[in-house]
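The values are calculated or read from the model by the stated rules, or taken from the named source; none is laboratory data. Note that the structure is predicted; figures quoted are calculated from it, not measured. Note that each Cβ is placed from the backbone with ideal geometry, even for glycine, and that neighbours are counted across all protein chains shown.
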Amino acid sequence: MGINKVILVGNVGRDVDFRALPNGNNLAKFTLATSEARFKDSDGKPHTEWHRIVVWGKLAEICNQYVTKGKQLYVEGRIRTSSYEKDGIKRYSTEIYADTIEFLGRRSDSGTQVSGGSSSYPNDTDTDDVPF
């Protein structure tokens, strides 16, 4: 048995890249920046880590509608690492497949939580369990 769970709180780095796929599923991607005040870089600023967030199904539609650059989010999901070859060199890419997203901050949607449940994965098509 293993556990693969990630919890992030950070700010969206760019607007959502949304695609409606030919198979009927939806895909949304964006970046999330998390900063650690106790770790400083060479300029004395907090260390910032960038995360690639991937969202599937109905939750991807919600992200496309409400997630914008700068918005503060709580993201819960799983780490997925893939590899590819470019110019003869094997490279790796790590992404967070989001299951739950909570909108934080001062706007009217703060505190709103949405969860993709089983619809977060590209092979699943049931999105009835999303609360929107």
### Query
Given Tyr66, Tyr74, which one is of a type in the set (Ser, Thr, Tyr), modelled with pLDDT of 90 or more and more than 18 Å from Asp17 (Cα to Cα)?
Tyr74
### Task
Quick one: which strands (runs of 3 or more DSSP E) lie wholly within region 4-47 and hold at least 1 residues that are of a type in the set (Lys, Arg), within 11 Å of the chain's Cα centre (by Cα) and closer than 20 Å to Ser93 by Cα?
26-40
#### Entry: Some residue of region 45-62 being closer than 15 Å to Tyr97 by Cα, surrounded by fewer than 17 Cβ atoms within 10 Å (Cβ to Cβ) and touching a residue at least 12 places away in the same chain (Cβ under 8 Å)
yes
### Message
Suppose we keep only residues that are assigned to a strand (DSSP E or B) and of a type outside the set (S, T, N, Q) within region 48-63. Which one would you say is modelled with the lowest pLDDT?
### Response
Glu49
### Task
Scan region 13-57 for residues that are under 18 Å from Gln72 (Cβ atoms) and in contact with a Gly (Cβ under 6 Å, 6 or more places away or on another chain) and jot them down.
Thr31, Leu32, Ala33, Thr34
### Qualifying residues in region 98-112 (those that are at pLDDT 55 or above, surrounded by 15 or more Cβ atoms within 10 Å (Cβ to Cβ) and not hydrophobic (A, V, I, L, M, F, W, C)) - the one nearest to Val9 (Cα to Cα)
Glu102
